[in-house]
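Only one structure is covered here, and it is reproduced in the block below.
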Amino acid sequence: MADSPTDRRKFQRQKIRLSCHLQLNTGLLVHGYTQNISPDGLFMETQPLQTHQQHLRPKVGDVGILILQYKKNGHPDTLKVGCRIMHAVANGIGVNIFSSRLSLSDQKTIAMILESGSGVL
């Protein structure tokens, strides 16, 4: 019997659904929603790619900018973070957030999202 795979994540993920966009260095823009988030990563459920985008399919190692949408004090806001694709499946993308490159303000925003359990701060 095979051993179950080891979870190598540094942080536990929380189920939080936020609208997000992923702008990859290949020029591809992917729309979707987060399924779960941690301080250094997330899984993004993606919407199907347009026909003209099929050749740009996201690949492991692609880098880009992840844009998370949330509400702060009742007003829409966004958080833009650098990221890398860790895995890609038909309906989603596992993303590593470049957390070491985040400003203190952006780190606090992610912490507040995780603490609130939602995108309403």
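The values are calculated or read from the model by the stated rules, or taken from the named source; none is laboratory data. The shown structure was predicted, so the numbers you read here are calculated from the model rather than taken from an experiment. Using ideal geometry, Cβ is built from the backbone for each residue, glycine included, and neighbour counts are taken over all protein chains shown.
Points worth noting:
- Tallying residues that are among the aromatic types (Phe, Trp, Tyr) and either at positive phi or at pLDDT 95 or above (or both) within the stretch 1-56 yields 2.
- Number of the condition not met by residue 96 [criteria: (1) surrounded by fewer than 15 Cβ atoms within 10 Å (Cβ to Cβ); (2) within 21 Å of residue 15 (Cβ to Cβ); (3) not charged (D, E, K, R)]: (1)
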